[in-house]
Every structure is written in C-alpha cells, then in structure tokens.
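Written out below as structure tokens is the structure these notes cover.
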Amino acid sequence: MPASSLDTIANLAKRRGFVFPASEIYGGLRSSYDYGPLGVELLRNLREAWWKSMVTDRDDIVGLDSSILQARQVWVASGHEASFTDPLVECRNCNNRFRLDKLEDPDTCANCGKTGTFTEPRPFHLMLKTYLGPVEEDAAVVYLRPETAQGIFINYENVRRTARMRLPFGIAQIGKAFRNEITPGQFVFRTREFEQMEMEFFCRPEEAEKWYRYWLDARLQWYVDLGMTPDHVRLRAHDPDELAHYSSATSDVEYLFPWGWDELEGIANRADFDLRAHTEHSGVDLQYYDQEADERFFPHVVEPAAGVTRSAFAFLIDAYDEDEVGGESRVVLRLHPRLAPVKVAVLPLSKKDDLVAVTDEVAALLRGRWAIEVDVTQSIGRRYRRQDEIGTPFCVTIDFDTLEDRAVTIRDRDTTEQVRLPITGLVEHLEERFGGAV
Ligand code: ATP
C-alpha cells in the first residue's frame, strides 16, 4: 500500500459517495459527516460482520438495542457525570484549545508553535446535554449517551432473565454515541457523533483474566480476517497510569494510521464496577445467583468496545492502493469482499438494445444474491476504474460475442485477470470465487 494521506482518502470518499461533509450546502458543520450510498453499505457490511462473529455465530452472546436517552441517574452511577472529562488547555497567544493528553509536546501550541503559552488544564465535560420536555430546567436534563455500554448494564437482568442466560455470557449492542470532543478531526477518526459496537461479557470473577486474554486474541483476529494488513494492526496494553477508574486491565487494538499507531478498539477488564455501581444507585440487586453453588455474586465483565465509523475509516485506508495496469496507473480499493459495498458490477460494452437485454438477464441472475451495480455509461476502461476505486471484487462484461456464444467475461479487481465463461455457469463460478465470504 502506498502511504495514503488523509486527503487522498477523504477525496476519494467524497468523490465516489462514501462520505460527505455534513450540512455542506450551508458551509458544513465541523467534524460532522454524512454517509452516502457506498458509505452506508460499507458501514452495514462492517456491522453485519461484527454482529455475525459476536452474536449469530455463537450461542453465548445475545443482542440489545437500548435507548440513546436514559435516566440521568445512569450517568451518575457510571461515574460519567462526575468524571467523563478530558484535560483542556488554551493557548494564550492564538486562543486555540487542545486536549492536553493528545498533544505531542504538552508545552508547545500545535497551532502557533509558541511555547509556555498554555493555561492551566481544566477538566472539560464530554457529555452532550439536552432537555426533555418544554422547560429548559435542571430537572429536565438528559445526556446523549457517550457510550452504548451503560445501556447494556442497566438491562443486564432483563436480558439474563428473558434470554435465560447463564454465566459466562455476553450482551452486544451497536449504536450511536456522542461526545463533545475538544479536538475532533483526522476526517472521521474522531467525530462528536459516531457509532460504536460494544459487547459486555459477564463471567465468574476468577475467570475474568482468562476471558480478557480470549477477547484480546479474538478481536485482533477479527480485523485480520476482514483483510486488514496484519503488520498494520496490533495490541497495546495500557500502562497502569492510563487505566480508567473502573478497569484493572485494558488493551487497545491499534491501527497504523497515516499519523502513526492509534486506537481502533479498547478491550477492558471492568471487573464488577458497573453492576455494583448500578446496584448501589438503583437499589436493584444485580448480583447473579448460581444455583449449583448456591452463591450470589457480582459477575465480572470483559468489554471489547469498537468504533464502526472509525474502523470503516481504517479499512478504507488499509484497502487503498495504487498500481499500474497496461501502462496506466489506477487507484484500487482492495476491500475484503464481505466489506465491499458492491460485490459484482455488470457492464455491457455498449448501450445497444440487444446488449442491454442480455445485461438485464445477467443482472436478474445476480441480484438478490449479491449487491450489484449495472453501469452502462462511459467507456469500459473508465467503468473498470470506477469499480476498482470503490472496491468491487468482480466485473462481469457483456460484449457483442455474448449475443453469439452466451458467454461473459469476468474481471478480477485485484489481478485484473479476465476469464470467459457461459452465463449458465456464472452464479456457480462467482460463488466459488467468493469462497463463502459473502
Ligand atoms: P480516545 O482516548 O481516543 O478519546 P477512548 O479510549 O475514550 O478514545 P472508548 O471509550 O474506549 O474510546 O471508545 C471505544 C471505541 O469507540 C474507540 O476505540 C473508538 O473506536 C470509538 N470512539 C470513541 N470516541 C470516538 C470518537 N469521538 N469518534 C469516533 N469513534 C470514537
């Protein structure tokens, strides 16, 4: 992969309809983004790959979709209202504000370059606040959730009882989260509205360490299995002074972004912090009763917490490549077929009626099995370029010979190699090439 810069990816994402700046016709809203036709498919494929590996492929994890708005007490109990803050410093020279713990040099302004101009750090609250009902008063305050995890803890007993789960078991959730980040940026890496995929895995206290190790390996492998370059993804254990108040051990899955290694996902051993806190604050006993041993205890929790939008970005960066085909340079997204927004493109060589009729026939064969795109405009070379740039694994070309021999050409995105075969064998051939991946 050539060193793909942020701008290159952002331009491609906009040009091809993956990601648009939000409110663009009004000048944009800083760090907000809208996902276009290809972007939504990429996000959907990513969520589905996560859900499959976490929920539907297993018998010990079930799903949940909890509300974005919850009682304020949830965030009091979790510790977010009191301490979900980042250290904010302001440069007295240029008035830019920064998150102190993310500055390369904590004494030098990253904007104007002056040294020793920062104010004392102050805790800046990250939860976005709003009001329910017609009166903007303190009693009506609610927060937009800053993580999906707490919705899982407060439903722990509902889920355990109704799904008849016994330890060890997990609850998974995908959804939006909101943080009033001090310094959003690097395209969709850090935004104020984003999407998370989180799973809380409840187990006996003495098994927490074992499950923590298990989820470290499993989560790292998930990215590799979806095509991420193994050398560009790694686990990094937090130093003791980096650990959040609730965690006895945390590791990040990190990706080698254009600016260096940075977090894709956090995997934390949260011990019994959350269930205990919600028990104390709500008065509802969230202990687990183990019938065989006749004992009550708070399960411990291991949490893999990933970002949908952030990992989509990492997969785009990782897939980006430039190479040469027949003396011409091209851009190609080498996305794993499971993530590719379009799986097969159907391209007639010309718009002539009889070719369009066969095109319709081929499209009907494929549609319903795979996400396909039929493209009849522009030269075939330009259409191949477009499909390469959006990561479509295969193009099926219909030419004038097709009218005689009822055969089509299949072009491979990565190698650009072409094979010709009868339409009757097309579905089987593609199924084989996808190898069950989609
Ligand atoms: P950071 O230290 O970078 O602010 P964090 O450690 O607070 O992040 P977590 O609370 O562990 O992040 O959130 C879990 C995951 O959610 C992150 O690994 C990331 O993928 C995603 N995430 C968190 N904040 C954002 C954001 N502002 N924009 C996009 N994704 C985010």
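The values are calculated or read from the model by the stated rules, or taken from the named source; none is laboratory data. Only a predicted model underlies this, so the values are computations on that prediction, with no experimental measurement involved. A quick note on method: Cβ atoms are made from the backbone with ideal geometry, for glycine too, and the neighbour counts reach across all protein chains shown.
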Sort through Arg385, Arg406 and tell me the only one that's at negative phi and either under 33 Å from the mean Cα position of the chain (by Cα) or charged (D, E, K, R) (or both). Arg385
Suppose we filter Trp75, Trp51 for residues that are over 17 Å from the mean Cα position of the chain (by Cα) and assigned to a helix (DSSP H, G or I); which single one remains? Trp75
Which one of Asp388, Asp401 is crowded, with 18+ Cβ neighbours inside 10 Å and outside any loop (DSSP other than H, G, I, E, B)? Asp388
Restricting attention to region 406-421, which residues are more than 16 Å from Ala363 (Cβ to Cβ), in contact (Cβ under 8 Å) with a residue 12 or more places away in the chain and not in a strand (DSSP E or B)? Arg413, Asp414, Thr416
Could you please tell me which pairs satisfy a Cβ distance under 9 Å, a separation of 6+ or placement on different chains, a first residue in region 267-282 that is over 13 Å from Gln73 (Cβ atoms) and small (Gly, Ala, Ser), and a second residue that is in a helix (DSSP H, G or I) and within 16 Å of the ligand (Cβ to nearest atom)? Ala268/Tyr212
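Checking the structure you have, find out if any residue of region 265-287 is among the acidic types (Asp, Glu), more than 16 Å from the ligand (Cβ to nearest atom) and exposed (fewer than 15 other Cβ atoms within 10 Å of the Cβ).
The answer is yes, given that some residue of region 265-287 is among the acidic types (Asp, Glu), more than 16 Å from the ligand (Cβ to nearest atom) and exposed (fewer than 15 other Cβ atoms within 10 Å of the Cβ).
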Among the residues of region 303-347, which ones are closer than 30 Å to Phe273 by Cβ and in contact with a Lys or Arg (Cβ under 7 Å, 6 or more places away or on another chain)? Glu303, Pro304, Val308
Go through region 53-102 residue by residue and tally those that are out of contact with any Leu (no Cβ under 9 Å at 6 or more places or on another chain), among the basic types (Lys, Arg) and within 15 Å of the ligand (Cβ to nearest atom). 1
Count of residues meeting criterion [outside any helix (DSSP H, G or I) and buried (at least 22 other Cβ atoms within 10 Å of the Cβ)] in region 144-161: 2
Within region 226-237, is there a residue that is in the same structural domain as Ser53 (by TED's automatic domain parsing) and farther than 30 Å from Ala13 by Cα? yes
Here are some conditions: (1) touching a Phe, Trp or Tyr at 6+ places or on another chain (Cβ under 8 Å); (2) buried (at least 18 other Cβ atoms within 10 Å of the Cβ). Leu216 meets all but one. Which one does it not meet? (1)
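Based on what the data block shows, is Arg204 without any contact (Cβ under 8 Å) to a residue 40 or more places away in the chain and either away from the ligand (no atom under 13 Å from the Cβ) or basic (Lys, Arg) (or both)?
Taking the combined requirement at face value, the residue does not satisfy it.
Among Ala139, Ala110, which is the only one that is within 30 Å of Pro21 (Cα to Cα), surrounded by fewer than 16 Cβ atoms within 10 Å (Cβ to Cβ), aliphatic (A, V, I, L, M) and free of Cβ contacts under 8 Å to residues at least 40 places away in the same chain?
From the options Ala139, Ala110, the qualifying one is Ala110.
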Step by step: first the residues of region 423-438, then only those that are charged (D, E, K, R) and exposed (fewer than 13 other Cβ atoms within 10 Å of the Cβ), then the one that is farthest from Arg406 (Cα to Cα). Which residue is that? Glu432
Could you list, ordered by first residue, the pairs with Cβ atoms under 8 Å in which the first is in region 178-189 and within 8 Å of Leu126 (Cα to Cα) and more than 6 Å from the ligand (Cβ to nearest atom) and the second is in a loop (DSSP other than H, G, I, E, B) and not acidic (Asp, Glu), at least 6 apart or interchain? Asn180/Leu126; Asn180/Met127; Asn180/Arg192
